[in-house]
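Undergrad: Here it is, the structure in full.
The values are calculated or read from the model by the stated rules, or taken from the named source; none is laboratory data. Quantities reported herein were computed from a predicted structural model and do not represent experimental measurements. Every residue, glycine among them, receives a Cβ derived from its backbone with ideal geometry; neighbour counts consider all protein chains shown. SASA here: full protein model, heavy atoms, side chains in, ligands and nucleic acids out. Shrake-Rupley method; radii C 1.70, N 1.55, O 1.52, S 1.80 Å.
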Amino acid sequence: MKDSVFQPGHPWLDTEGQAIQAHGGGIMVHEGRYWWYGENKAAPSYKNERVTGWDCRRHDLVGVSAYSSDDLLNWRNEGIVLGPVSDDPDHDLHPSKVMERPKVNFNPRTGQFVMHFHVDRHDYSLAAVGVATSDRPAGPFRFRGTLRPNGADSRDLTVFVDDDGSAWLVHSSEWNRTLYISRLSEDWLFTTGEYYRVFAGQSREAPALFRHRGLYHLITSGCTGWDPNPAEHAFAEHLAGPWTLTGNPCRGPGAETTFGAQSTFVLPLPGQPDACLFMADIWNKDD
Ligand code: GAL
C-alpha cells in the first residue's frame, strides 16, 4: 500500500518497511523519477577516543545509499551504490574513514552520473572531496579519486548545476570559516581554479544552493557539530555575489534550531514554480 504522508522527526520507511538510510542527502530528478542519495549510517555510533581536542562522534563508513520514487514519498531502496573498501586501511573509503553529504547529478556532456561527497580521515583532518561516477542512476558508482578543490580544504558540501550547464561545488573551506563556490571542469571530475569566497570568516556550513525565479538562494547552518542551530538564508543575482542575508527562513515552533535539524538540500519541485522542498537532518550523535 502506498503511503500518503510522512512525519518529520519520525522514522520514514521505504517500500519494504525499512527505515530510510539516506542522511546528509540530496535528490536528483532524472527522466521523471526522483533519486535520493545519502549517507547510510547503519553502523554503531562511537566517540573517537583518538581525538582529544573536540567531541568527535562517528560511525564506521557504510557507504552511500540510493532510493528512487515517483512521488517523493514512497521510496524504493536501490541499495548501497558506493560502499567501503575494507581490505586497504589506507584507502580513502576504508571503514575507518568518513564519507558524508553525497550529491549526485547527471552530466549530459559525458552521459555520466557524477557523485561528490565529503571524504575524510577518522579525525576529519583530511578535508577533501571524493568523486565517483556511474552510467546508471542506480549505480554501482566507481570511485574516481579524492581532490582538494583548488588546493583548499573542503568539508560540508553540495553541488549546484546551473541553467547554463555549469556545475559548482559549494563547500566549507578555510577550516570551516568561509564558504567557497568552486566551478567544476566540464566533466565535473575536477575544479578549475575559478572560485568565489562567500560569508568570509562567518563559519557557515551544511550548504543548500538553488535557483528560483532568476535568483540564487543559499541556505546554510552555523558550525556547531551535530547540534542544531538557526539556519540562515541569503540570495544573490550572481554566484559571485554580493549575497544579501535575510536571516532564518524557518517559521513556527522549533524555528530557532531549524526544527532541531541541519540543512542538506533544497529541491525546486518540477512543475510547481513556487514550491521548493527543504531537506534537513535531525542528527543524534549517540545513535
Ligand atoms: C557537522 C557537519 C556534519 C558532520 C559533523 C561532524 O558540522 O555538518 O556533516 O561533518 O559536523 O562532527
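Undergrad: Within the stretch 72-89, count every residue that is of a type in the set (Val, Ile, Thr) and open to solvent by 30 Å² or more (accessible area, probe 1.4 Å).
TA: The total comes to 2.
Undergrad: Out of (1) crowded, with 21+ Cβ neighbours inside 10 Å; (2) touching a Cys at 6+ places or on another chain (Cβ under 8 Å), the odd one out for residue 212 is which?
TA: Failed condition: (1).
Undergrad: Another one. What is the residue count in the stretch 255-287 for residues that are exposed (fewer than 14 other Cβ atoms within 10 Å of the Cβ) and in contact with a Gly (Cβ under 7 Å, 6 or more places away or on another chain)?
TA: Residues in the stretch 255-287 being exposed (fewer than 14 other Cβ atoms within 10 Å of the Cβ) and in contact with a Gly (Cβ under 7 Å, 6 or more places away or on another chain): 0 in total.
Undergrad: Let me ask another. Kindly check whether there is at least one residue in the stretch 194-216 that is of a type outside the set (Asp, Glu), more than 16 Å from the ligand (Cβ to nearest atom) and touching a helix residue (DSSP H, G or I) at 6+ places or on another chain (Cβ under 9 Å).
TA: yes
Undergrad: Follow-up. Looking at 255, 240, 280, can you tell me which residue is modelled with pLDDT of 95 or more and within 16 Å of the ligand (Cβ to nearest atom)?
TA: Every option except 280 fails the conditions.
Undergrad: Between a first residue in the stretch 237-256 that is in a strand (DSSP E or B) and a second residue that is among the small types (Gly, Ala, Ser), which pairs have beta carbons less than 9 Å apart while being 6 or more apart in sequence or on different chains?
TA: Every condition considered, the pairs that remain are 244/234; 244/236; 245/234; 246/234.
Undergrad: Here's another thing I want to ask about it. Pairs needed: first member in the stretch 2-28, under 19 Å from residue 64 (Cα atoms) and assigned to a loop (DSSP other than H, G, I, E, B); second member anywhere, more than 16 Å from the ligand (Cβ to nearest atom) and among the charged types (D, E, K, R); C-beta distance under 7 Å; at least 6 residues apart or different chains.
TA: Close Cβ pairs satisfying both conditions: 14/76; 15/76; 20/14.
Undergrad: If you don't mind, another one. Is it the case, given these coordinates, that residue 111 is within 16 Å of the ligand (Cβ to nearest atom), over 20 Å from the mean Cα position of the chain (by Cα) and of a type in the set (Gly, Ala, Ser)?
TA: no
Undergrad: Exactly one of (1) in a strand (DSSP E or B); (2) under 24 Å from residue 224 (Cα atoms) is unmet by residue 35. Its number?
TA: Every listed condition holds for residue 35 apart from (2).
Undergrad: Can you tell me which residue in the stretch 38-49 is nearest to residue 69 (Cα to Cα), limited to those that are of a type in the set (D, E, K, R) and surrounded by 10 or more Cβ atoms within 10 Å (Cβ to Cβ)?
TA: Looking at residues that are of a type in the set (D, E, K, R) and surrounded by 10 or more Cβ atoms within 10 Å (Cβ to Cβ), I get 39.
Undergrad: Among the listed residues 54, 35, identify the single one that is open to solvent by 10 Å² or more (accessible area, probe 1.4 Å), over 24 Å from residue 145 (Cα atoms) and of a type in the set (Phe, Trp, Tyr).
TA: 54
Undergrad: Hey, another quick one. Checking residue 285 against (1) more than 16 Å from the ligand (Cβ to nearest atom); (2) basic (Lys, Arg); (3) within 18 Å of residue 205 (Cα to Cα): exactly one of these is not met. Which one?
TA: Failing condition for residue 285: (1).
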